[in-house]
Structures are given as structure tokens and as C-alpha cells.
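Here's the structure, in C-alpha cells; my notes come after.
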Amino acid sequence: TRPDTAKETPPPPETTQATPVVDPAIARQVEEAKRALAARNLKTALEQANLALQKDPQNAAARQVVDQVQAAQKRIEATVADVRRALEAKDVAAASRGLEEVIREDPGHAAVPQFREALNGTFRSRAEQAQAEMKQAQRDATQARATSQAEFKAAILTGREAEARLGSCIQPGR
């Protein structure tokens, strides 16, 4: 009797998964695109990612950057539209919040200077109105002979500081 020998199973065929060779120039462009995206420079991020995709249309990292930039651009454009509506409605608080969001997402957006100028005009007129009210209150206090009170003196100092800030911070074209 012969011992029963088990049939040996041949080893599985070797499967070599070739690691895709990445062109160093493409890798640099993708890294530059990622850095630009992190720095909120959407234009440069999109340009670099698109350059990488021109050379390697299947590059997943470059495609991801493009997708992130496009999503950010959609959010920004929606916020820009909200700021415009808020300015039309003279809702300064909402417009200011929206402008802050646009600046946070894309500081170089074309609408930023326009929105700043519109809001500065609003803030300037409010500051000038507050200044006129302060001067009227000062005249009223003087007529009531309240100029010797500590609160009056503190108000005068605060008023002078406010006028100095108004003159230096909120100027046309700034």
C-alpha cells in the first residue's frame, strides 16, 4: 500500500502591482496646488491643479484640489450674492458678516474692495452722525453746568479719541 499523498497545490501566481510612476513635475504642481488652496489662493490652486491634470488626467490628488476649489467658489459666490442683497437692504450687520466670510475664504476676491468701500461709506456716515450727537450732548451738558462732573470729563476725552480715530481710520478711498 502506498501512502496517500496529497496533491500539492501550486503557489498562487505572483501578482505584482506596479506602483504608478509619478512625474516629479506633476507632483510639484499638485503640491503647489495644495499649498495655494491651504493659503486660500484659489486662483493659483486651480491653475496648478489644472496644469497637473493636463499632463495626467487621472491624477486623483489634482482632481481633489479642483473639486475643493470649485466647492469653495460656489460657497463664495453665494455669500457674495448675500452681501449684495444685504447692502441693497441696508443691512450693515449682515453685509459685514458676509464680507468677513468672503475675505476668510478668498481674500483676493474681486468683490472685496467694492464691499469694503460700500461699508466704509455706511460706517463713515454713522460715525459722523454719532459725532454730531456727541457734540450736541456736550453743548447740552455745558448749558446744564455739568462740565465739572467726572463723567463729563471722561466723555470729553472719549470724544476726542473717537474724533481722532474717525479722522485717521475712516477716510474716503480707504
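The values are calculated or read from the model by the stated rules, or taken from the named source; none is laboratory data. Only a predicted model underlies this, so the values are computations on that prediction, with no experimental measurement involved. Quick reminder, even Gly has a Cβ in these numbers, built from the backbone with ideal geometry, and neighbours come from all protein chains shown. In case anyone asks, the SASA skips ligands and DNA or RNA and just uses the protein heavy atoms, side chains included. Shrake-Rupley method; radii C 1.70, N 1.55, O 1.52, S 1.80 Å.
Odds and ends about this structure:
- Among the residues of region 109-136, those that are of a type in the set (A, V, I, L, M, F, W, C) and at pLDDT 80 or above comprise ALA110, ALA111, VAL112, PHE115, ALA118, LEU119.
- Residue count for region 153-174, restricted to those that are at pLDDT 70 or above and open to solvent by less than 60 Å² (accessible area, probe 1.4 Å): 4.
- Hey, GLN68 at negative phi, surrounded by fewer than 20 Cβ atoms within 10 Å (Cβ to Cβ) and not in a helix (DSSP H, G or I) or not: no
- All of (1) modelled with pLDDT of 75 or more; (2) of a type in the set (A, V, I, L, M, F, W, C); (3) surrounded by 11 or more Cβ atoms within 10 Å (Cβ to Cβ); (4) over 30 Å from ARG35 (Cα atoms) hold for LEU99 with one exception: (4).
- Contacts under 8 angstrom Cβ, first residue in region 40-58 being in contact (Cβ under 8 Å) with a residue 24 or more places away in the chain and closer than 10 Å to GLN29 by Cα, partner of a type outside the set (Asp, Glu) and part of a loop (DSSP other than H, G, I, E, B), 6 or more apart: ALA52/ASN59
- Residue pairs meeting the criteria (Cβ under 7 Å; at least 6 apart or on separate chains; first open to solvent by less than 60 Å² (accessible area, probe 1.4 Å), in region 120-138; second part of a helix (DSSP H, G or I) and at pLDDT 70 or above): THR122/VAL92; MET134/GLY159
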